[in-house]
Every structure is written in C-alpha cells, then in structure tokens.
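Visitor: Quick one: the structure is below, questions incoming.
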Amino acid sequence: MEQNEFKNLKKIKDSDIFTVEHYILASGEEFYIEPNFYTQLQGVKRIYEDKYDQVINCLLDIVKTNKKVIFTADFENPVVYKKDFIYREILDITDKLKIVIDDKTYESDYGD
C-alpha cells in the first residue's frame, strides 16, 4: 500500500516484516506503520481532512521524541515486535490533538 504521507522519507525493507512499512527520518529516528494503523489513519483523513496535516505532524513529533516507534492498531496484539521500540495507537495521536473519534461501526443491542 502506497503511503504518500511519508514519500519524502527513506523507506527501509525489513525482510522479516515485509507487509509493514518501515521509515527512517533524516535525523535517524525510525518508525513502522502497521497496515491496520494506516487504515485507521485514512479513516481520520476522510473525517477530519482539514486536520490531517496536524495528525501527520503529531505522528512525526512522536517519532522525533521517542526515536523508535511502532504505530499499531492494537498495542496488545501488534504485528511488529521489536526491542527498544514503543507502541502508539491512533487514539494516542487524536486524543493529543483533541480530535474525537466516535466508533459507530457496530450496532447496539439496546433500543433508543
């Protein structure tokens, strides 16, 4: 999957994890974007297109601050396991920016 948001960054091929994009900033910090996280990121883009640049900048700030980051849909069940990396989910970014994500993808058993 082409991730245009990061096309200006150096992409590394990880032979152990070929389905997950791995990027390195010019200053040496690195991060992985798991496919499910990227799907969530695209959902945020569809809903909050006007704030999407802020979301990407926040993501990159997290990388610059923490040096080694894996962006995952579920930190308890990540795709990538790497020593010395921290895990961040989409809510870590949207909460920091005070962007409300309302999950209405499931039906309730309760009537209104």
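Visitor: Has the stretch 97-106 got any residue that is part of a helix (DSSP H, G or I) and buried (at least 17 other Cβ atoms within 10 Å of the Cβ)? So that I can check it myself, show each step before the final result.
Guide: Looking only at the stretch 97-106, we keep the residues that are part of a helix (DSSP H, G or I), and these are none.
No, that holds for no residue.
Visitor: Here's another thing I want to ask about it. Identify, by number, the condition in (1) without any contact (Cβ under 8 Å) to a residue 24 or more places away in the chain; (2) loosely packed, with under 13 Cβ neighbours inside 10 Å that Ser27 doesn't meet.
Guide: For Ser27, the exception is condition (1).
Visitor: In addition: Filter the stretch 45-67 for residues that are at pLDDT below 95 and crowded, with 16+ Cβ neighbours inside 10 Å and give the result.
Guide: Tyr48
Visitor: Consider the stretch 11-62. How many of its residues are closer than 23 Å to Val100 by Cβ and among the polar types (S, T, N, Q)?
Guide: 6
Visitor: Related question: Mind checking whether some residue in the stretch 48-65 is at positive phi, touching a residue at least 12 places away in the same chain (Cβ under 8 Å) and under 15 Å from the mean Cα position of the chain (by Cα)? Can you show your working first?
Guide: Filtering the stretch 48-65 down to residues at positive phi leaves none.
No, the stretch 48-65 contains no residue that is at positive phi, touching a residue at least 12 places away in the same chain (Cβ under 8 Å) and under 15 Å from the mean Cα position of the chain (by Cα).
The values are calculated or read from the model by the stated rules, or taken from the named source; none is laboratory data. Note that the structure is a prediction, hence the values are computed from the model and not measured. Reconstructed Cβ throughout: ideal geometry from the backbone, glycine too, with neighbour counts over all protein chains shown.
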